[in-house]
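A short worksheet on the structure shown next.
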Amino acid sequence: MIPSIRTVRQQHRAVNAPIAGLLTYRALPTDSVDYVDPFLFLNHHGPQMYRPHNQGLPFGPHPHRGFETVTFILKGDILHKDSSGHESVITAGGIQWMTAGSGLIHAEVSSDEFKETGGPLEILQLWVNLPAQYKMTDPRYTGLQASEIPLVTATAGVTIHAVSGEWAGTVGPIASLADVQLAWLDLAAGARITLPIAAARTIFFYTVAGQLRANGTETQARQLLEFNHDGDRLTIEALADSVLLLGHALPLKEPKVAYGPFVMNTEAEIQQAYQDYQLGKFGTWNG
């Protein structure tokens, strides 16, 4: 059977949503799109320059339950610390993959070095829903530096940073609980790549920088493309030097109830999450 082209359903522009002094664009959810199952949320922080002797990122200790956070550090760094005992500083080109599962408390702040010296910062944080069967799994965390993420030259002018799943024959280092495949791509102007993605899977396509054409639809920085499930081929052309966050996964097709830092399947489960957090069941925070 000849692969068919996946058509674009809609294009969504990220909205300006600054957090304290942090330049932030929220690509998901917005007024035009709630979520693209199982992808729940995307914040694009920066790019911006931090002066020396800055306060760094403002994300002090806060709880999560029922989903995963995947953080792409394009510039700058993040110091991650959580109530399960994980702690690491990940620098530019690295990622942090945290499975909140049954619940934990974590903080995402800048390293002492970054706060002292300043410099460029650009970060993407994506939330991915967990299937009901995994929502109460034990929390876990993996931090990978740039050198631990395979670089795949799939075609001339296209470099794939393979985080999870298989990309052009290379398997990323993260084994996703729900077969979520994630990567980011650096594309030089004029480059072109075609990827097979099964029609049943949801595509997550966010242009971080530059200008692209995806299956004939032009898009640019800070725009999210939403695709129909009507084809199994994705062709991407770079109209300028570009950076793309790309993923795909089977939709969960389960009830979703999201409230603040918790994403569950029912209102009762959300209420239980708040109660468990207040009772100290998310671990002990030693800030």
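Which whole number in µm²/s is D for segment 139-287 by Stokes-Einstein, with the Kirkwood Rh taken over Cα pairs at 25 °C and 0.890 mPa s?
140 µm²/s
Testing the spin-label approximation: label points 7 Å from Cα along Cα→Cβ at residue 199 and residue 259. State their distance in nm.
4.0 nm
How large is the dipole of segment 69-153 about the Cα centre if only Lys and Arg carry +1 and Asp and Glu carry -1, each at its Cβ, rounded to the nearest 20 debye?
320 debye
How long, wide and thick is segment 1-87, going by the Cα atoms along their three principal axes, in whole angstroms, largest first?
Over segment 1-87, Cα extents along the principal axes are 56, 31, 26 Å.
Is the C-alpha gyration tensor of segment 168-222 telling us rounded, prolate or oblate? Criteria: a/c under 1.5 is rounded; beyond that, a/b larger than b/c is prolate, otherwise oblate.
Cα axes put segment 168-222 in the prolate bin.
Accessible area of segment 141-287 with a 1.4 Å probe: how many percent of it is carbon plus sulfur?
49 percent
So what is the 222 nm mean residue ellipticity for the chain from helices alone, if each DSSP H run of at least 4 adds -39500 (n - 2.57) and you divide by all residues, rounding to the nearest 500 deg cm²/dmol?
Rounded to the nearest 500, the figure is -2000 deg cm²/dmol.
Sequence gap at least 6, Cα distance under 8 Å: using those rules, report the relative contact order of segment 56-207 to the nearest whole percent.
That works out to 22 percent.
Which value results for Rg/Rh of segment 78-156 when Rg is the Cα radius of gyration and Rh the Kirkwood radius based on the inverse mean 1/r?
In segment 78-156, Rg relative to Rh is 1.03.
Which value, in debye to the nearest 20, gives the size of the charge dipole of segment 102-226 about its Cα centre, when Lys and Arg are +1 and Asp and Glu are -1 at the Cβ? Working shown, then result.
On the way: 7 positive and 12 negative charges, 89 e Å.
Around 420 debye, computed over segment 102-226.
Between residue 239 and residue 278, what is the label-point separation in nm under the 7 Å Cα-to-beta-carbon projection?
That separation, rounded to one decimal, is 5.2 nm.
Using just the Cα positions, wrap the chain in a convex hull and report its mean projected area in square nanometres, one decimal place.
Computed as one quarter of the Cα hull surface, the answer is 14.7 nm².
So for segment 121-256, taking the charge dipole from beta-carbon charges (+1 Lys/Arg, -1 Asp/Glu), which of 217, 193, 176 sits furthest toward the positive end?
Going by the charge dipole, the pick is 176.
Once amide H atoms are placed 1.01 Å from N in the peptide plane, what residues at a sequence separation of 5 or more from residue 197, or on another chain, have their amide H within under 5 Å of its amide H?
Result for residue 197 returns 233, 234.
With contacts defined as alpha carbon pairs under 8 Å and 6 or more residues apart, what's the relative contact order of the chain in percent?
It comes to 21 percent, rounded to a whole number.
Which FRET efficiency value, to the nearest 0.05, is calculated for residue 116 and residue 145 with the Förster distance at 25 angstrom and r the Cβ-Cβ distance?
It comes out at approximately 0.80.
The values are calculated or read from the model by the stated rules, or taken from the named source; none is laboratory data. Not measured: the values here are computed from a predicted model. Virtual Cβ from ideal backbone geometry, glycine too; neighbours counted across all protein chains shown. These accessible areas exclude ligands, DNA and RNA; they are computed on the full protein's heavy atoms, side chains included. Shrake-Rupley method; radii C 1.70, N 1.55, O 1.52, S 1.80 Å.
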